[in-house]
Amino acid sequence: MGKTSDDDERGFFPERPTKSLAKARSVEKPHYLGHRDRLRQRFAAAGSDALPDYELLELLLFRLIPRADTKPVAKALLARFGTLAEVLGAPVARLEEVGGIGPAVALDLKVVAATAQRAARSEIKGREVLSSWTQVLGYCRSVMAFEEREQFRILFLDKKNALIADEVQQVGTVDHTPVYPREVVKRALELSATAIILAHNHPKVPISIPQDHALSR
């Protein structure tokens, strides 16, 4: 017998099913399996833009929560945190507060978030980061806006405004982080940077990096 699209998905069973339950399962196909196939087909045919955030999150949860209906979980995550970016940026402890999200799933979501951040860093590195201010703010949000403590971050640029390095100089408290100008200048000289962008986040305000706190010098 050939494998179905969900046979390779990871899963566990807290209890061994009874014979009658196992027999019922062999006869009745869970409704969510057909839904998963249809959603995958829509994604393959039309891409991510054709799916709302909760369905895109569902696709991700298919692999993390096998053999279960993930639509309620996806909607609960978005209801709790607001946006897809905030779901991925939420701390593990807060993710686990949502029904259906255990420690393993919460950790897997953080792996996805870390991968997205690494991709964003790779995309911007070596390019003219100041060609689009929106791009700079988007990058800063992706790498630091969901941190639980304030970070003072520096983007070091060359003469063509290409990114040389992205470094966190200081990590503070929930509403304060120290800044040492001498260390900023020292590091800029070490990297032969001709321009820098200084930015810090506001942990008390989700995805908040206002323009007056993300300035180039």
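General observations
- Members of segment 132-171 that are under 22 Å from Val92 (Cα atoms) and touching a Gly at 6+ places or on another chain (Cβ under 8 Å): Ala145, Phe146, Arg149, Glu150, Gln151
- Only one of the listed residues (Ala79, Ala50) is at pLDDT 90 or above and farther than 20 Å from Ala114 by Cβ. That residue is Ala79.
- The lone criterion from (1) open to solvent by 50 Å² or more (accessible area, probe 1.4 Å); (2) at pLDDT below 85 left unmet by Ile164 is number (2).
- Residue count for segment 79-102 satisfying the condition of being in a helix (DSSP H, G or I) and within 13 Å of the chain's Cα centre (by Cα): 9.
- For Ala45, the requirement of being assigned to a helix (DSSP H, G or I), over 26 Å from Glu97 (Cβ atoms) and modelled with pLDDT under 55 is not met.
The values are calculated or read from the model by the stated rules, or taken from the named source; none is laboratory data. Remember, it's a predicted structure, so these values are computed and weren't measured experimentally. Using ideal geometry, Cβ is built from the backbone for each residue, glycine included, and neighbour counts are taken over all protein chains shown. Areas reflect the complete protein model, heavy atoms only, side chains present, ligands, DNA and RNA absent. Shrake-Rupley method; radii C 1.70, N 1.55, O 1.52, S 1.80 Å.
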